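Have a look at the structure below, then the notes.
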């Protein structure tokens, strides 16, 4: 039983970590001399744990690679609920349109 619970925990971690969306940008020689520009903000070369728009990035003179820190809710009742992005927590909240009480949802995608 303990082995099964450990397996479920491991699978939950893998699924959570594997579902963020990522993107890369390649630079021409001399294009990124001082760091990487992301949404008008210049970040230094190296690892960036969190950008202003909730991504984690790796920045070098050759390329920038970023992945989202959030997952977008889907499969919720769109007629009675809405999603609100909480920039402080880098996460979406699914709330009722008329009362802002939490709604249930079933899936998140990156």
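The values are calculated or read from the model by the stated rules, or taken from the named source; none is laboratory data. These numbers come from a predicted model, not from an experiment. Here the Cβ is made from the backbone with ideal geometry for all residues, glycine too, and neighbour counts use every protein chain on show.
If residue 47 satisfies all but one of (1) outside the structural domain of residue 26 (by TED's automatic domain parsing); (2) touching a strand residue (DSSP E or B) at 6+ places or on another chain (Cβ under 8 Å); (3) under 19 Å from residue 21 (Cα atoms); (4) loosely packed, with under 13 Cβ neighbours inside 10 Å, what's the number of the condition it fails?
Status for residue 47: all satisfied but (1).
Looking at the range 52-63, is at least one residue closer than 24 Å to residue 33 by Cα, surrounded by fewer than 17 Cβ atoms within 10 Å (Cβ to Cβ) and touching a residue at least 40 places away in the same chain (Cβ under 8 Å)?
Within the range 52-63, not a single residue is closer than 24 Å to residue 33 by Cα, surrounded by fewer than 17 Cβ atoms within 10 Å (Cβ to Cβ) and touching a residue at least 40 places away in the same chain (Cβ under 8 Å).
I need a count of the residues in the range 64-90 that are under 15 Å from the mean Cα position of the chain (by Cα), surrounded by 14 or more Cβ atoms within 10 Å (Cβ to Cβ) and assigned to a loop (DSSP other than H, G, I, E, B).
The number of residues fulfilling the criteria is 4.
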